[in-house]
């Protein structure tokens, strides 16, 4: 059994608009049999935080292309992407690049 | 396991570069990003010492990074440029007024003088007022056409020699795709050019120093440098066709990240066979701006707004231009066709 973990989520670059305009969220992921990975986190976010237009955030079982993900301030492409196993106190940032200037 | 920087082999890598696949630490990334923009500027000879250069600034990620990097490189490499910020206020409450606040902060942060030109002062119409008349279907046409000319007018007011814009690699690739999809051969041929030639007095040459910079890197540069930028959607309907091209491109990029630079490469190396009919550039009979028609698009759109015929500039109504120029009355049928707005 994996104990519940507390993590910080941040949404920026316009992605926050899909989450009531809120940029920072402190969340606790509940106990489950498997360790939490980013793939499961995305499902959890979709069920618990995402307020509108899910198609602008998720595509298939990943984020929509054009949304950058940083885990503890490093590109998730260096961290195993969806398979990264979340640790207590991790910080995950989602930045949309899809908004114009 | 943290990945080490493939450049310095000392610090923890923070990103994987889409263009090269290299994993870099923060410092090596800043260095590589800035150096590549410098290379772009130097090898394309974008500027000459002593020039006055206007940076088109919207407060968004691209122009904020552009202003930051231009200021930094101008000092680091002694370009000898006099830089200033130029913004356009389209008059969109809740969107542009907020982003202009960001530009005003950038003015302080980068110590670059800022000039704002507004649609209201230039055309007598804000976008809010235009949308009230034309509806949400074609308003992006008005905004795009007016913005292009507004930047030129602002640049002439400021007596700048050049304007640089924040168009990035993704934008250029997207435009190549759009021009292919629309069969717009004239634009397809010139859209990958890094700078536009001077096209007469009403048009100030433009260039794109970030032409080869990936959007991902621009956003991460802004993020790691903690640059102050504004990001929200325009409150009026987004340009749907561009949206499809953009989504397609992002999907391609997620499968193969070189797609973006590859599309630009294709665009750069296309040559149009002889005998393809191209519009001949002339000047607008009314305002003197470049135009391939008797009246420029901006004057036609404005005439339509002022006469309560919003569809005048939407679609092909070229044969009505002489009637407008000579101020002849339109027939009832013509009026009806041009009046209806779509919401």
(message) Under the 0.36 nm per residue contour assumption, what length would be gained going from the current alpha-carbon distance of residue B:258 and residue B:10 to full extension?
(response) 86.6 nm
(message) Let me test this: with uniform point scatterers at the alpha carbons of the protein assembly as shown, what is the Debye-based log₁₀ I(q)/I(0) at q = 0.07, 0.09, 0.12, 0.13 1/Å?
(response) -0.40, -0.65, -1.10, -1.26
(message) Run the numbers for residue B:193 and residue B:108: contour at 0.36 nm per residue of separation, minus the present Cα-Cα distance, in nm.
(response) 27.4 nm
(message) Relative contact order of the stretch B:161-227, please, whole-number percent, based on alpha carbon pairs below 8 angstrom and at least 6 residues apart.
(response) 46 percent
(request) Could you state the angle between the C-alpha long axis of helix B:26-43 and the longest principal axis of the C-alpha atoms of chain B, as a value from 0 to 90 degrees rounded to the nearest 10? (result) 50 degrees
(request) Restricting to the protein assembly as shown, compute how many DSSP beta bridges are antiparallel as a %, nearest 5. (result) 55 percent
(request) Name the residue, out of B:68, B:322, B:22, whose mean-square fluctuation peaks in a Gaussian network model built on chain B with Cα pairs under 10 Å. (result) B:322
(message) Connecting C-alpha atoms closer than 10 Å in a GNM of chain B, tell me which of B:141, B:247, B:283 has the biggest fluctuation.
(response) B:247
(message) Relative contact order of the stretch B:40-269, please, whole-number percent, based on alpha carbon pairs below 8 angstrom and at least 6 residues apart.
(response) 25 percent
(message) Helix B:169-182 against the longest principal axis of chain B: what's the angle in degrees, Cα atoms only, rounded to the nearest 10?
(response) 40 degrees
(request) Output the Kirkwood hydrodynamic radius of the stretch B:1-132, Cα pairs only, in Å rounded to one decimal. (result) 17.1 Å
(message) Once R0 is set to 45 Å, what does the formula 1/(1 + (r/R0)^6) return for the Cβ-Cβ distance between residue B:43 and residue B:332, expressed as a FRET efficiency to the nearest 0.05?
(response) 0.15
(message) Nearest 10 degrees is fine. How inclined is helix A:38-48 to the longest principal axis of chain A, computing both from alpha carbons?
(response) 70 degrees
(request) Grab the beta carbon distance between residue B:82 and residue B:120, set R0 = 22 Å, and tell me the FRET efficiency rounded to 0.05. (result) 0.20
(message) Using a Gaussian network model on chain B with a 10 Å cutoff between Cα atoms, which of B:107, B:274, B:34 fluctuates the most?
(response) B:274
(message) Need the full-extension length gain, residue B:273 to residue B:306, defined as separation in residues times 0.36 nm minus the C-alpha distance. One decimal, nm.
(response) 7.7 nm
(request) Could you list the square roots of 5 times each eigenvalue of the Cα gyration tensor of chain B, that is, the equivalent ellipsoid semi-axes, sorted largest first and rounded to whole Å? (result) 37, 22, 20
(request) Would you mind getting me the FRET efficiency between residue B:180 and residue B:281? Use the beta-carbon distance for r and R0 = 30 Å, nearest 0.05. (result) 0.85
(request) Starting from the Cα of residue A:31, step 7 Å along the direction of its Cβ; do the same at residue B:22; then give the gap between the two resulting points in nm. (result) 4.9 nm
(request) Let me have the relative contact order for the stretch A:1-84, percent, based on Cα pairs under 8 Å that are six or more residues apart. (result) 28 percent
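Computed from the coordinates by the stated procedures, all read-outs in this text should not be read as laboratory data. Quick caveat, the model's predicted, so the values are computed rather than measured. Here Cβ is always computed from backbone atoms with ideal geometry, including for glycine, and neighbour counts include all displayed protein chains.
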